[in-house]
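The values are calculated or read from the model by the stated rules, or taken from the named source; none is laboratory data. In this text, all values refer to a predicted model and were calculated from it rather than measured experimentally. No Cβ is skipped: glycine too gets one built from the backbone with ideal geometry, and neighbour counts run over all protein chains shown.
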Amino acid sequence: MAIRVLIVDDSATARAVLSEILESDSSIEVVGTASDAYIARDKIVELKPDVVCLDVEMPRMDGITFLKKLMHYMPVPVIMVSSLTQSGAKTTLEALEAGAVDFVPKPHSYIYDGKDEMKDELLSKIKTAAKVKVLKKELINPRQANTTSLAETTNKILAIGASTGGTEALKEVLMGLPRNAPGTIIVQHMPANFTAPFAQRLNSLCAMEVREAKNGDSITPGVVLVAPGDYHMVVRRSGARYYVEIGSGEKVSGHRPSVDVLFNSVAKIAGSNAIGVILTGMGADGAKGLLAMKNAGAKTIGQDESSCVVYGMPKIAHDMGAVDKQVPLGKIANAILSLI
């Protein structure tokens, strides 16, 4: 049975291009389009789409406000379509926090120019979103970050990898860690303009300091380094000092940054002095790297199926024996602390 999609965008050109892309796949049916949130609301009630493709900027009611109301009153999987600008990145992160499953960046101001560039990603993410069970989101403020501290600081390294659904999963984990938690390095699949705003958003919520990684940054307790979009991040060591190296290169496991690249470097450089965590995400990136970490003596944790937006990366890692323990998202922070 075809996946039923509603396209919501104030641009007639964008609606036409998105419809053309989706209708090129026989497993997807565009059941309707809407130019603003009020028309979209009525069509969602009438057509009951499996997935909504939603623009961020719209007249009368912006996409974020509409999304929050939608996820509270009538939850449905939503894929956001956003520009690659800095402001677009911040808005998209708000959308993911509000309950969107994922996003597809508009590569050009004139969307028709980037049609072929976004086609494969859009089709893939629509198909993934259709399988996601979306839960009602309460209209409340997020809980405060953990402000307690460990009895002692630690020189262990915490390496985390995530993809689809990972922005909120990472927030949940990091908000559960104290200000002197182990030096933490993260790969979240995300475009270049998105990682700095993402790190800034986490920094405003968490007890630890969170920032986008720069070449040569030390891995120290209380600091979280997020791999910059479109660059790989690896761990290096000089004496007792661990630090990160940022570089380009070919995509690995289909991604740059790649979780496998990070985890393999952690396995080689830190060995048993590390903890590896693999969170929600589509595909297999990170599974082999986590197994390398485990074989090198590191402790490993995988997010369990019930709490994943997409049980892909953690499932493959678990199935190949890379995961010591599967844990629900809400208990991963405590599981990490128990290993220190």
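Can you tell me which residue in segment 66-110 is modelled with the lowest pLDDT, limited to those that are polar (S, T, N, Q) and assigned to a loop (DSSP other than H, G, I, E, B)? Checked segment 66-110; the qualifying residue modelled with the lowest pLDDT is Ser109. For Lys251, the conditions (1) under 23 Å from Leu174 (Cβ atoms); (2) of a type outside the set (A, V, I, L, M, F, W, C); (3) within 23 Å of the chain's Cα centre (by Cα) are fulfilled apart from (1).
Take the conditions closer than 20 Å to Val101 by Cβ, in contact with a strand residue (DSSP E or B) (Cβ under 9 Å, 6 or more places away or on another chain), of a type in the set (D, E, K, R) and at pLDDT below 95 and apply them to Asp50. Does it pass? First the steps, then the outcome.
On the way: closer than 20 Å to Val101 by Cβ: yes; in contact with a strand residue (DSSP E or B) (Cβ under 9 Å, 6 or more places away or on another chain): yes; of a type in the set (D, E, K, R): yes; at pLDDT below 95: no.
Here the answer is no, as Asp50 does not meet what is asked.
For segment 12-37, which residues satisfy the criterion of being outside any helix (DSSP H, G or I) and under 13 Å from Asp55 (Cα atoms)?
Thr33, Ala34, Ser35, Asp36
Applying the criterion of being farther than 17 Å from Ile160 by Cβ and surrounded by 12 or more Cβ atoms within 10 Å (Cβ to Cβ) to the residues of segment 232-245, the residue that is farthest from the chain's Cα centre (by Cα) is Arg237. Of the residues Thr164, Thr184, the single one that is surrounded by 15 or more Cβ atoms within 10 Å (Cβ to Cβ), at pLDDT 95 or above, under 24 Å from Lys294 (Cβ atoms) and not aromatic (Phe, Trp, Tyr) is Thr184. Regarding Leu170, is this residue touching a Cys at 6+ places or on another chain (Cβ under 6 Å) and buried (at least 20 other Cβ atoms within 10 Å of the Cβ)? So Leu170 fails the test. One residue stands out among those in segment 217-230 that are among the small types (Gly, Ala, Ser) and under 18 Å from Lys156 (Cα atoms): the one that is farthest from the chain's Cα centre (by Cα), which is Ser218.
May I ask you to list the residues in segment 52-85 that are touching a Phe, Trp or Tyr at 6+ places or on another chain (Cβ under 9 Å) and basic (Lys, Arg)? Within segment 52-85, just Arg60 meets the criteria. The residue that is farthest from Leu329 (Cα to Cα), counting only those in segment 302-316 that are crowded, with 24+ Cβ neighbours inside 10 Å and free of Cβ contacts under 8 Å to residues at least 60 places away in the same chain, is Pro314. Every test in (1) at pLDDT 75 or above; (2) closer than 26 Å to Glu97 by Cβ is passed by Glu138 save one, and that test is (1). For segment 25-35, the count of residues that are touching a helix residue (DSSP H, G or I) at 6+ places or on another chain (Cβ under 7 Å) and among the acidic types (Asp, Glu) is nonzero.
Within segment 247-254, is there a residue that is closer than 30 Å to Ile126 by Cα, charged (D, E, K, R) and surrounded by 17 or more Cβ atoms within 10 Å (Cβ to Cβ)? Checking segment 247-254: not a single residue is closer than 30 Å to Ile126 by Cα, charged (D, E, K, R) and surrounded by 17 or more Cβ atoms within 10 Å (Cβ to Cβ). Ile157 meets the conditions (1) more than 21 Å from Pro49 (Cβ to Cβ); (2) at pLDDT 90 or above; (3) within 19 Å of the chain's Cα centre (by Cα) in every case but one. The failed one is (3). From the list Asn193, Asn203, the lone residue that is in a helix (DSSP H, G or I), in contact (Cβ under 8 Å) with a residue 40 or more places away in the chain and either polar (S, T, N, Q) or at positive phi (or both) is Asn193.
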